[in-house]
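Presented below is the structure to which this report refers.
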Amino acid sequence: MAYALAQPDRAAEHFARAANIFRELGARLDLAQTEEAGAALDGSTVEQSRRSETIAQLLTLRLAEAVASRELLLHELAAVIRQETNCESVVILEPHLDATQRVVIAHGLDQRESAALATRFAAVQNNAQTRISGQKA
């Protein structure tokens, strides 16, 4: 049944194929169980779809309400990304004119870790720009 929850469309196709085979063989008990499982799958697919729509609406509302300030919007965006991807941390950086990166938002990292990440990112970015400039010359 885990397969049915992971890929409901393919599971429904397999249930329909199995039902046809059981019907041809005259296996009434197996046919009844297969049709019952197929019907249960249809109900769970609709429920999963409704749940996904509700989550999307709540996330949209959450972000729309955060538009009051840039910082709050970025904070909510990072929180949504972290929640929806199940990642350990999210960092939003902002480039500065002096080729450094400023940590705007950090979820899942302390201040020292996020600052170190910003420094490493700036170094990689500067290195890439140096290589590109060297190739053009």
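The values are calculated or read from the model by the stated rules, or taken from the named source; none is laboratory data. Note that the structure is predicted; figures quoted are calculated from it, not measured. Cβ placement follows ideal geometry from the backbone for every residue including glycine, while neighbour counts extend to all protein chains displayed.
Taking first residues from the stretch 108-121 that are of a type in the set (S, T, N, Q) and partners that are at pLDDT below 90, the Cβ contacts under 8 Å between residues at least 6 apart in sequence or on separate chains come to Thr119/Thr100.
Mind checking which residues of the stretch 21-46 are of a type in the set (D, E, K, R) and modelled with pLDDT of 75 or more? Residues satisfying the conditions are Arg23, Glu24, Arg28, Asp30, Glu35, Glu36.
Annotation note: Cβ proximity below 9 Å between a residue of the stretch 53-69 that is of a type in the set (Lys, Arg) and a residue that is modelled with pLDDT of 80 or more (sequence gap 6+ or interchain) occurs for Arg62/Glu76; Arg62/Ala79; Arg62/Val80. Residue count for the stretch 70-126, restricted to those that are small (Gly, Ala, Ser) and closer than 27 Å to Leu58 by Cβ: 5.
Just need a number here: residues in the stretch 110-137 that are within 16 Å of Ala78 (Cα to Cα) and either at pLDDT below 90 or touching a helix residue (DSSP H, G or I) at 6+ places or on another chain (Cβ under 7 Å) (or both). Selection size over the stretch 110-137: 0. Criterion first (of a type in the set (Val, Ile, Thr), under 22 Å from the mean Cα position of the chain (by Cα) and in a helix (DSSP H, G or I)) does Thr119 satisfy it? Criteria not met by Thr119. The sole residue among Ile55, Ile92 that is in contact with a Leu (Cβ under 7 Å, 6 or more places away or on another chain), modelled with pLDDT of 75 or more, of a type outside the set (Phe, Trp, Tyr) and closer than 24 Å to Gly108 by Cβ is Ile92.
A count restricted to the stretch 85-107 and to residues that are not acidic (Asp, Glu) and not in a strand (DSSP E or B) stands at 8. In this structure, Arg82 does satisfy being of a type in the set (D, E, K, R) and either in a helix (DSSP H, G or I) or crowded, with 16+ Cβ neighbours inside 10 Å (or both). Inclusion of Leu63 among residues that are modelled with pLDDT under 80, touching an Asp or Glu at 6+ places or on another chain (Cβ under 6 Å) and surrounded by 12 or more Cβ atoms within 10 Å (Cβ to Cβ) is warranted.
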